[in-house]
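> Please read through the structure below; I'll follow up with questions.
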Amino acid sequence: MRRAARRSHETVRLCQAGDHPGSRRRRLGTGRRLSRRRHKPPGSDEGGVSRPHRVVDISHLPDLDRIEDLPDGGVRIGTLVRNADLAHDRAFARRFPAVAEALLSGASAQLRNAATVGGNLLQRTRCAYFYDAASACNKRDPGSGCDARDGDNRLHAIMGWSESCIATHPSDFCVPLVALDAVVEVEGRAGGREIPLEMFHRLPGNAPDREGMLEPGELIVAVRLPAEAAQFAAHARYLKVRERTSYALFGAE
């Protein structure tokens, strides 16, 4: 109980680091994607598109790197659990094979060793126009336009897009989680709440820069799978259809 209280206290304290609308602060697990967006490598069009005023390190928060079996038969996955650790956890992979397969379908072994569950949910689009600061992108610069609509968009959205944005969310992990009714646990100054993962990511609509349901000052602390999800273990698999070395064309669970 003392460890849980300590985690709750520290979580609220860190949430106060960015608890007002318009705050340009980012919470850092391993920082894999943020470092790419902040820095522009020589000769690259990517980077320099995210400029937070402050980066808050959450990696020291206790108990957020645990995979917990729940009394009701479900499982709770801490936000700081590494993708590789979850995918290779034998008990988890046996009960939720589609989730483990989706994790192993994403990125490379080196990146899976660093990437976290919470970071996976909050990663940004892979749209090249988002990363090119010279291109119009409503997600990066609201009101500027969407160069992807009349550009190279063969791998962009075919459903759920809007006149303002046709980018997609790149997560393999989220596909089976939605199918298995996963829930996102969130904490903030006002306390904790739960968001069904199928409602967690917003469609672009007229505000593609607002990508998720997190409010200022809130932090993902865990993802929970219900016990019923394990009933699909014998006949649930994740198949990723893509061109060689490309991102997924679509994911099926």
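> Which residue pairs have Cβ atoms under 7 Å apart, sit 6 or more places apart or on different chains, and have a first residue in the stretch 179-197 that is touching a residue at least 24 places away in the same chain (Cβ under 8 Å) and a second that is buried (at least 17 other Cβ atoms within 10 Å of the Cβ) and polar (S, T, N, Q)?
Glu187/Thr11
> When the stretch 118-151 is examined, which residues are found to be over 18 Å from Val49 (Cβ atoms) and touching a residue at least 24 places away in the same chain (Cβ under 8 Å)? Break it down stepwise before answering.
Restricting attention to the stretch 118-151, the residues satisfying the condition of being over 18 Å from Val49 (Cβ atoms) are 118, 120-121, 149-150.
Within the stretch 118-151, Gly118, Asn120, Leu121 meet the criteria.
> Keeping to the stretch 114-164, report how many residues are among the basic types (Lys, Arg) and under 21 Å from the mean Cα position of the chain (by Cα). First the steps, then the outcome.
We begin by selecting, within the stretch 114-164, every residue among the basic types (Lys, Arg); these are 124, 126, 139-140, 149, 154.
If we keep only those that are under 21 Å from the mean Cα position of the chain (by Cα) as well, we get 124, 126, 139-140.
Total meeting the criteria: 4.
> Let me ask something else. Tell me, yes or no, whether the stretch 171-186 has at least one residue that is within 20 Å of Ile58 (Cβ to Cβ) and hydroxyl-bearing (Ser, Thr, Tyr).
Among the residues of the stretch 171-186, at least one is within 20 Å of Ile58 (Cβ to Cβ) and hydroxyl-bearing (Ser, Thr, Tyr), which makes the answer yes.
> Still on this structure, please answer the following. Does the stretch 188-218 hold any residues that are of a type in the set (A, V, I, L, M, F, W, C) and assigned to a strand (DSSP E or B), and which are they? It would help to see each step written out before you state the result.
Kept after step one, since they are of a type in the set (A, V, I, L, M, F, W, C), are these residues of the stretch 188-218: 190, 195, 197, 199-200, 203, 207, 213-214.
Of everything in the stretch 188-218, just one residue is of a type in the set (A, V, I, L, M, F, W, C) and assigned to a strand (DSSP E or B), namely Ile195.
> Please go through the stretch 89-112 and give me each residue that is over 19 Å from Leu180 (Cβ atoms) and surrounded by 14 or more Cβ atoms within 10 Å (Cβ to Cβ), ordered by number.
Filtering the stretch 89-112 for residues over 19 Å from Leu180 (Cβ atoms) gives 107-112.
Scanning the stretch 89-112 gives Ala107, Leu111, Arg112.
> Taking Arg210, is it free of Cβ contacts under 8 Å to residues at least 40 places away in the same chain, out of contact with any strand residue (DSSP E or B) (no Cβ under 7 Å at 6 or more places or on another chain), closer than 16 Å to Gln123 by Cα and not β-branched (Val, Ile, Thr)?
yes
> Return yes when Asp181 is under 30 Å from Ala93 (Cβ atoms), touching a Ser or Thr at 6+ places or on another chain (Cβ under 8 Å) and either assigned to a loop (DSSP other than H, G, I, E, B) or of a type in the set (A, V, I, L, M) (or both) and no when it is not. Full working, then the answer.
Numbers: under 30 Å from Ala93 (Cβ atoms): yes; touching a Ser or Thr at 6+ places or on another chain (Cβ under 8 Å): no; either assigned to a loop (DSSP other than H, G, I, E, B) or of a type in the set (A, V, I, L, M) (or both): yes.
In short, no.
> What number goes with the only condition from (1) of a type in the set (A, V, I, L, M, F, W, C); (2) part of a loop (DSSP other than H, G, I, E, B); (3) at pLDDT 95 or above that Ala133 does not pass?
Only one criterion is unmet by Ala133, namely (3).
> What number of residues within the stretch 119-130 are part of a helix (DSSP H, G or I) and buried (at least 24 other Cβ atoms within 10 Å of the Cβ)? Steps first, answer last, please.
To start, the set of residues in the stretch 119-130 that are part of a helix (DSSP H, G or I) comprises 119-122, 128-130.
Checking the rest, the ones that are also buried (at least 24 other Cβ atoms within 10 Å of the Cβ) come to 120, 129-130.
Residues that pass the stated criteria total 3.
> I've got another one for you. Just checking, which of Leu203, Leu225 is over 28 Å from Phe92 (Cα atoms) and aliphatic (A, V, I, L, M)?
Details: Leu225 fails: over 28 Å from Phe92 (Cα atoms).
Checking each option against the conditions leaves just Leu203.
> Within the stretch 143-178, restricting attention to residues that are aliphatic (A, V, I, L, M) and in a loop (DSSP other than H, G, I, E, B), which residue is modelled with the lowest pLDDT? Explain how you work it out, then say what you get.
So the first thing to find is which residues in the stretch 143-178 are aliphatic (A, V, I, L, M), and the list is 148, 155, 157-159, 166-167, 175, 177-178.
Of the ones still in play, those that are also in a loop (DSSP other than H, G, I, E, B) are 155, 157-159, 166-167.
Values: Leu155: 88, Ala157: 95, Ile158: 92, Met159: 93, Ile166: 98, Ala167: 97.
Only one residue fits best here, namely Leu155.
> Now for a separate question. Could you look through the stretch 156-193, keep only residues that are surrounded by fewer than 18 Cβ atoms within 10 Å (Cβ to Cβ) and of a type in the set (A, V, I, L, M), and pick out the one that is nearest to Pro226 (Cα to Cα)?
Taking the candidates together, the pick is Val178.
The values are calculated or read from the model by the stated rules, or taken from the named source; none is laboratory data. Since this is a predicted model, take the numbers as computed values, not measurements. Neighbour counts run over all protein chains shown; Cβ positions are idealised from the backbone, glycine included.
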